Amino acid sequence: MSDILQYGFMQRALIAGAVIGVICAVVGVYVVLRGMAFIGAGIAHASFGGVALGVLLGINPVVAALVFCLIIAWGIGILARKGEVREDISIGVFFAATMALGILVIGLTKGYQVDLFGYLFGSILAVTPQDLWISLILGAVVLSVVGLFFKDLLFITFDSEMAEVAGLPAERLHFVLLGLISLTVVLSMKVVGIILVSALIITPAAAAYQLTEDFRKMMALAVLIGVLAATLGLLLSYWLNTASGATIVLLATFFFLASVALSPRRLRWFFKAR
Amino acid sequence: MSETMAEAKPIIELEDISVTYQSHVALNNINLGVPAGSFLAVVGPNGSGKTTLLKTILGTIRPSRGTVRVFGRPPWDLGEERRRIGYVPQAMSVDLRFPIRAGEVVLMGRYGRIGLMRRPSSTDREAALQAMQRVGITDLANEPIGRLSGGQRQRVFVARALANDPDLLLLDEPTTGVDIATSGSFYDLLYKLHKEGLTVVVVSHDMGVVANYADTVACINQCMVVHGRPGEVATGEVLACMYGPRAAFLDHGPIPHMVVPEHETLDTEKDKNE
Ligand SMILES: Nc1ncnc2c1ncn2[C@@H]1O[C@H](COP(=O)(O)OP(=O)(O)OP(=O)(O)O)[C@@H](O)[C@H]1O
Ligand SMILES: [Mg+2]
């Protein structure tokens, strides 16, 4: 155990993993409860187009992905707001379009030897000190925004219509949430990979949802599950020499299945049925 | 405020209101004045524009024609006075498996007044507690909303509306899916609040409510069909408005019976007013 912690890349990966576990879980609670799973996946895939464009234009791919994700996320939000295009439809369109753009751009930058595979599937080796700093800063931004707007985000998540009636800017808060999802995707990209990041957002929160009927407890449990899945997943992927993102997500899935089995709601129903 | 003052200045004034969704006309030429301290029942068949009417009064929908005034001002322009309107939306607008406790839902009634980013104070908690006392649900504060019965849940949503200490309470079919006894005690509670000075506007499909609790009834079906005191407007006309003109009424004995074409099943309501 102590031997692997001597490696700088492993220390960075574990710290990044813990940060990712926390952030994905916190944001995931809103995504799960507001039924935004599909838009989470859509934003994640959009980041691929951003990474590829960043490589082509010589911009830091993480920064490029962040800008790209925000544009796509808010663009989808604006289209949906005017009632012009239903949200799931524009997500479906941009989902594929941004992936296609990424693939096209990679074709143009063939000479370049950048590990785009690492962005797609995640890699422990990929976390540079700069990436770690970006993750820490973006993570701090996400947590501060959630902390500041805690009651307001809870209100729009529970009952958006009443929040609006009460005079809260429900729509702008929805855009804040879309921004938070974008930040979360981008800060998790390097370790978990674009393909799997939406699973790490959804799964810990979905597992916690099975275990409690209290919002704050759900968030705390989601964070616990997210951090466990991310850090244990990284260690497992090192020992087993497997892809880090896939290992983390499968471990989270295991926690989810366990919590479904142990769900007090389900157990109550089960014993009532006897 | 004296009775004559209240009569002189209605707190809701709708003049020649028309509301259209895209090209569909939901409300056409509605005129309605609601004096302070009254108990108005709004009836009409499904899709007749009852919810639209409430939302117009709330200011979340703007009419395409006509003027709306609530407390003397357009409802979307009420500012601080917005809190004087309490709203209990039509059921099913919230996810009943949402991990949240009744007490927190009631406290949400204060969130708009507290404002973005600020936390509830002890005054807010006190107001929420008092609202729960008024509707008799203090013992349910820690219950997750998913575990409440339909009647208890409706009281929670009324308490949420009352937490702001409103002068006007709008309720949209508050007892749909609630059994007759629970529904009765719910309307007894509304009547008590009305006697305490609250102006009540309730959308209902329940003829008993119109007869026993309301002092004014408005039947709408895009246009205003009948508007007046329950004892004065023709019962047949109200019933025809509620159930459609093809319903036939058999007036024998103290309980009016009706025969409805096709396979609709309806509860006949006791009419204590004869
Ligand atoms: N957002 C909307 N967009 C388009 N049409 C709408 C919208 N909301 C309501 N409508 C239409 O307007 C009409 C009135 O709807 P409304 O919800 O006010 O009826 P209602 O009387 O409350 O019906 P119910 O008894 O079923 O609750 C209906 O024909 C409905 O289909
Ligand atoms: Mg309605």
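When the residues of the stretch B:170-184 are filtered to those that are touching a strand residue (DSSP E or B) at 6+ places or on another chain (Cβ under 8 Å) and surrounded by fewer than 23 Cβ atoms within 10 Å (Cβ to Cβ), the one that is nearest to B:LEU58 (Cα to Cα) is B:ASP172.
Any chance the stretch B:142-165 includes a residue that's of a type in the set (A, V, I, L, M), modelled with pLDDT under 90 and under 16 Å from the mean Cα position of the chain (by Cα)? Checked against the condition, which is being of a type in the set (A, V, I, L, M), modelled with pLDDT under 90 and under 16 Å from the mean Cα position of the chain (by Cα), the stretch B:142-165 yields no hits at all. Of the helices (runs of 4 or more DSSP H) lying entirely inside the stretch A:1-78, those containing at least 3 residues that are open to solvent by less than 10 Å² (accessible area, probe 1.4 Å) and farther than 19 Å from A:LEU136 by Cβ span A:8-33, A:37-57. Does B:GLY72 count as away from ligand 2 (no atom under 16 Å from the Cβ), within 14 Å of chain A (Cβ to nearest Cβ), on the phi > 0 side of the Ramachandran plot and open to solvent by 20 Å² or more (accessible area, probe 1.4 Å)? Spelling it out, it is not the case that B:GLY72 is away from ligand 2 (no atom under 16 Å from the Cβ), within 14 Å of chain A (Cβ to nearest Cβ), on the phi > 0 side of the Ramachandran plot and open to solvent by 20 Å² or more (accessible area, probe 1.4 Å). Collect the residues in the stretch B:20-65 that are within 12 Å of ligand 2 (Cβ to nearest atom) and exposed (fewer than 14 other Cβ atoms within 10 Å of the Cβ), keeping them in residue-number order. Those that are within 12 Å of ligand 2 (Cβ to nearest atom) and exposed (fewer than 14 other Cβ atoms within 10 Å of the Cβ): B:ASN46, B:GLY47. Inclusion of B:ILE30 among residues that are within 12 Å of ligand 1 (Cβ to nearest atom) and within 14 Å of another protein chain (Cβ to nearest Cβ) is not warranted.
From the list B:VAL200, B:VAL178, B:VAL209, exactly one residue is in contact (Cβ under 8 Å) with a residue 40 or more places away in the chain, away from chain A (no Cβ under 14 Å) and within 16 Å of ligand 1 (Cβ to nearest atom). Which is it? Within the list B:VAL200, B:VAL178, B:VAL209, the selection yields B:VAL209. All of (1) modelled with pLDDT under 90; (2) within 15 Å of ligand 1 (Cβ to nearest atom); (3) more than 13 Å from B:GLN154 (Cβ to Cβ); (4) open to solvent by less than 40 Å² (accessible area, probe 1.4 Å) hold for B:GLY228 with one exception: (2). In the set (1) hydrophobic (A, V, I, L, M, F, W, C); (2) open to solvent by less than 60 Å² (accessible area, probe 1.4 Å); (3) away from chain B (no Cβ under 14 Å); (4) over 26 Å from A:LEU5 (Cα atoms), A:LEU267 fails one condition alone, (2).
Please determine, by comparing only the residues of the stretch B:81-91 that are more than 9 Å from every other protein chain (Cβ to nearest Cβ) and open to solvent by 50 Å² or more (accessible area, probe 1.4 Å), which one is nearest to ligand 1 (Cβ to nearest atom).
B:GLN90
Scanning the stretch B:92-112 for residues that are open to solvent by less than 20 Å² (accessible area, probe 1.4 Å), more than 21 Å from the chain's Cα centre (by Cα) and within 7 Å of another protein chain (Cβ to nearest Cβ) yields a count of 4. Just one of the listed residues (B:GLY44, B:GLY59) is without any contact (Cβ under 8 Å) to a residue 40 or more places away in the chain and touching a helix residue (DSSP H, G or I) at 6+ places or on another chain (Cβ under 7 Å), and it is B:GLY59.
The values are calculated or read from the model by the stated rules, or taken from the named source; none is laboratory data. Being a predicted model, the structure only gives us computed values, none of them experimental. Cβ: placed from backbone, ideal geometry, glycine included. Neighbour counts: every protein chain shown. Please note that ligands, DNA and RNA were not included when accessible areas were found on the heavy atoms of the full protein model with its side chains. Shrake-Rupley method; radii C 1.70, N 1.55, O 1.52, S 1.80 Å.
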